[in-house]
Amino acid sequence: MLESIYLKLAKVKGGRNLRKIISFYRKIFGEKNPGKINFKFSDKPSRLKVVQEIIEIKKFNSYLEIGTFDDELFSYIKCGRKIGVDPYSGGTHRMTSDEFFLKNSEKFDCIFIDGLHHYKQVKKDIENSISILNDKGIIFLHDCLPNSVEAQAVPRTEVHWNGDVWKAFVEVRCNPLLDCYTCYADYGIGVILKRKNRNLLNIDNKNFAKLRFVEFYNNYKTLMNLILYDELKKII
Ligand SMILES: C[S@@+](CC[C@H](N)C(=O)[O-])C[C@H]1O[C@@H](n2cnc3c(N)ncnc32)[C@H](O)[C@@H]1O
């Protein structure tokens, strides 16, 4: 009963009061809160640096960004062909990622996924991106390292919010045909390469949507295959 009231409230687009109600509900009935991880991103490279440098190292010619917002990243990136998809702002295509993938027939060297940060949507964005990624290409996935249970809880209640992107990333970590890392930079940049998985993750709970933050808190280095940017440059 309470769960269904909560879900109804969560569907209503609301302001501060609704977010407070949801937060309050979560504190009482939600998942266990193990505390903050205290990731420190201020001394790590930005997504702008990581993506642009890798485009240059790999001599990539085409770039797709899913979720462009105010074009902070999209306008920074220099690449032969650039496509940006967002239903509300920025980029070149005013539509959802699902609509884009339905119409698109192009392939890309580099894809930055940063649209709707909900597990199911991220999973779809990853699968669709893999199908249009050139063989030697790279997919980046933003917001893979949430600092707290609230930062990854859906629906969003926090200003600094990553959503449950990490659950979709854990799922690809279990795919033997995809090699995946999380670069410790800019709220966690997931990296997906189309090649044999060099560090396959094997976990008991294959119901990825139901993973709990406490599992992430206790085991994020292994789950996410965490590496520093300098290591990433050597691996790719
Ligand atoms: C975090 S912002 C993107 C920031 C940008 N990538 C950057 O690095 O500066 C997320 C964006 O995703 C967009 N978005 C939400 N739902 C989407 C969807 N279904 N498909 C594509 N973009 C979506 C939002 O409109 C928002 O602008």
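The values are calculated or read from the model by the stated rules, or taken from the named source; none is laboratory data. Just so you know, these numbers come straight off a predicted model, no measurement behind them. Because the Cβ atoms are built from the backbone with ideal geometry, glycine has one as well, and the counts that use them run over all protein chains shown.
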Which residue pairs have Cβ atoms closer than 7 Å, lie 6 or more positions apart in sequence or on different chains, and pair a first residue in segment 101-129 that is more than 15 Å from Gly67 (Cβ to Cβ) and assigned by TED's automatic domain parsing to the domain that holds Asp186 with a second residue that is within 13 Å of the ligand (Cβ to nearest atom) and assigned to a loop (DSSP other than H, G, I, E, B)? none
Read through the list (1) touching a residue at least 24 places away in the same chain (Cβ under 8 Å); (2) surrounded by 21 or more Cβ atoms within 10 Å (Cβ to Cβ); (3) within 12 Å of the ligand (Cβ to nearest atom), then give the number of the only condition that Gly84 fails. (1)
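Please determine, by comparing only the residues of segment 170-179 that are in a helix (DSSP H, G or I) and of a type outside the set (A, V, I, L, M), which one is farthest from Val50 (Cα to Cα). Break it down stepwise before answering.
As a first pass, look at segment 170-179 and keep what is in a helix (DSSP H, G or I): 170-173.
Next, only the ones that are of a type outside the set (A, V, I, L, M) stay: 171, 173.
Details: Glu171: 23, Arg173: 21 Å.
It comes out as Glu171.
Confirm whether Asn147 is touching a residue at least 60 places away in the same chain (Cβ under 8 Å) and among the polar types (S, T, N, Q).
Numbers: touching a residue at least 60 places away in the same chain (Cβ under 8 Å): yes; among the polar types (S, T, N, Q): yes.
Yes, satisfied.
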Taking segment 95-113 and keeping residues touching a Phe, Trp or Tyr at 6+ places or on another chain (Cβ under 8 Å) and either among the small types (Gly, Ala, Ser) or within 12 Å of the ligand (Cβ to nearest atom) (or both) leaves Ile111, Phe112, Ile113
With criteria (1) touching a strand residue (DSSP E or B) at 6+ places or on another chain (Cβ under 8 Å); (2) aromatic (Phe, Trp, Tyr); (3) surrounded by fewer than 16 Cβ atoms within 10 Å (Cβ to Cβ), Tyr63 comes up short on (3)
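Based on this model, can you work out whether Phe69 counts as more than 6 Å from the ligand (Cβ to nearest atom), of a type in the set (A, V, I, L, M, F, W, C) and either over 18 Å from Leu133 (Cβ atoms) or modelled with pLDDT of 95 or more (or both)? Show your work before the answer.
Working: more than 6 Å from the ligand (Cβ to nearest atom): no; of a type in the set (A, V, I, L, M, F, W, C): yes; either over 18 Å from Leu133 (Cβ atoms) or modelled with pLDDT of 95 or more (or both): yes.
Judged against the criteria, Phe69 is not a match.
Does Gly91 meet the test of being near the ligand (Cβ under 10 Å from one of its atoms) and either touching a residue at least 40 places away in the same chain (Cβ under 8 Å) or crowded, with 23+ Cβ neighbours inside 10 Å (or both)?
Spelling it out, Gly91 is indeed near the ligand (Cβ under 10 Å from one of its atoms) and either touching a residue at least 40 places away in the same chain (Cβ under 8 Å) or crowded, with 23+ Cβ neighbours inside 10 Å (or both).
So that you can scan it fast, the table gives a plain yes or no per residue for (1) in the same structural domain as Phe24 (by TED's automatic domain parsing); (2) farther than 30 Å from Ile22 by Cα; (3) not in a strand (DSSP E or B):
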site	(1), (2), (3)
Gly137	no, yes, no
Pro155	no, no, yes
Asn162	no, no, yes
Ala168	no, no, yes
Tyr181	no, yes, no
Arg198	no, yes, yes
All conditions in (1) over 15 Å from the mean Cα position of the chain (by Cα); (2) surrounded by 12 or more Cβ atoms within 10 Å (Cβ to Cβ); (3) under 19 Å from Asp143 (Cα atoms) are true of Leu201 except (3)
